[in-house]
Amino acid sequence: MKLLIANGYIVDPAQGINTGRDLLIEDGRVVSVLERGQEAPRDVEFIDATGLIVAPGFIDLHTHLREPGAEYKETIASGASAAVAGGWTTICAMPNTDPVNDSPAVTRFIIEQAERAQLANVFPIGALTKGSKGTELAEMGEMKNSGIVAVSDDGRPVPNAEMMRRAMEYARGFNLTVVDHCQDSSLTAGGVMHEGRWSLILGLKGMPAAAEDVHVIRDCVLAKLTGGSVHIAHVSTRGAIEAIRRAKEMGLPVSCEVAPHHWTLTDESVEDYDTNTKMSPPLRSQDHVDALWEGLRDGTIDAIATDHAPHHADEKTLEFDRAPFGITGLETAVGLAFDLVQRGVIDLERLVALCSTNPARIFGLKDRGTLAENAHADITILDPTCEWVFDVGASKSKSRNTPFHGRSMTGAAVATIVGGRVVYLNPNYTRITEMKSRDASAK
Ligand SMILES: [Zn+2]
């Protein structure tokens, strides 16, 4: 089947394309971006993207699905459904399920469940250590053969430098990037929010920014020692940004991602003890948020990742000290990223690079993150002018833990195409897929 996405504005940083063109896809692959003036073929299905941005499909490097083990919070299918509703064509599933994804059997199970759902691509991330216990390296090679795209013990930091060194050396042999949740546990034990003025006012135990800085600096040093690639998950501190900036200047294989809540909110949001403001790393003070904006602006930050972390309402309604860390994020990330565009922090091309081009490169996802010839036909169609209000009641996720319910946003993903199939269409944009043959529409 041939499909023409016509009259859109194509933004593909991987090819340096930033212009109004038509895009032709066939059998799940990109045929080509048509040259200006090139006549589109006849007898194709036809999507009208007038006034919309056509981008390579967005790739989330950091999603927590809860299957296997806690399907009441999220299944692979419900998470994939939330993903495509938020504009993500690919999500990378963190291994902290029950059982942990530290074996080919769990890896294959995740892939099979995702194929059954037929929504987003779901690429598993394998555990770094067996059971993510931090003591014995997992069988990375076997998992890689079964389909993992990276390794991580996310949720927990890699506890010591010796283990991190061995993990980076071992992962390097399989061409796998190590993703680290950077936090020195000896500095954060018992902490529930950022350590600073607000933790004092609220009487909550704080986690100092230094706990993240120490681990990020450690990982940069070890990247130099081992030559292995490290990807810093959810950076949230000025010190982390500065260390990564220096590491990149030195040419070290270090990359990083930021989650929308960390650049959008500060620790002041914890004021009402709303557990939807409890996450790890915690919401930081304004100075750290400023540093994230600088990192987004100057390219130190490579990727936007959701850190989607669904939890059941019964758990999140516990008192602040006892509630679990994390919020959902798949359906709000793109709207919050557009906020950066409106504020002039980044431009549209950089938004696409942060959400698609760079994530594909960091995990080595072949033929994704671009609309080049023969790339997978994973496409995110965006309307930068769409005004909407996030209603958690309409969320596709099984969980409701978000601080962004009721937030007004401008800019949204309005259609999501995976492998050439339209898997999500914003209900207000049905006109764009009143697919008709080119011949009929031309008359
Ligand atoms: Zn994490």
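We did not get these values from a lab; they are worked out from the coordinates using the rules stated. The model shown is predicted, which means the values in this text are computed figures rather than measured ones. With ideal geometry, Cβ positions are generated from the backbone for all residues, glycine too; neighbour counts draw on all protein chains shown.
The table below gives the values:
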{"item": "Flagged links, alpha-carbon separation over 32 Å, of Lys73/Lys224; Lys366/Lys396; Lys248/Lys366; Lys2/Lys73; Lys224/Lys316", "result": "Lys73/Lys224; Lys2/Lys73; Lys224/Lys316"}
{"item": "Additional length obtainable on full extension of the chain from Met250 to Asp43, 0.36 nm per residue less Cα span", "result": "69.2 nm"}
{"item": "Over the chain: helical MRE at 222 nm, DSSP H runs n ≥ 4 each giving -39500 (n - 2.57), nearest 500", "result": "-8000 deg cm²/dmol"}
{"item": "³J(HN,Hα) computed for each position of the stretch 203-215 - Karplus, 6.51 cos²θ - 1.76 cosθ + 1.60, integer Hz, glycine/proline x", "result": "x, 10, 6, x, 10, x, 4, 4, 4, 6, 4, 4, 6"}
{"item": "Peptides 147-155, 382-390 ordered by average Cβ neighbours within 10 Å, highest first", "result": "147-155, 382-390"}
{"item": "Peptides ranked, highest mean first, by Cβ atoms within 10 Å: ranges 333-343, 36-46", "result": "333-343, 36-46"}
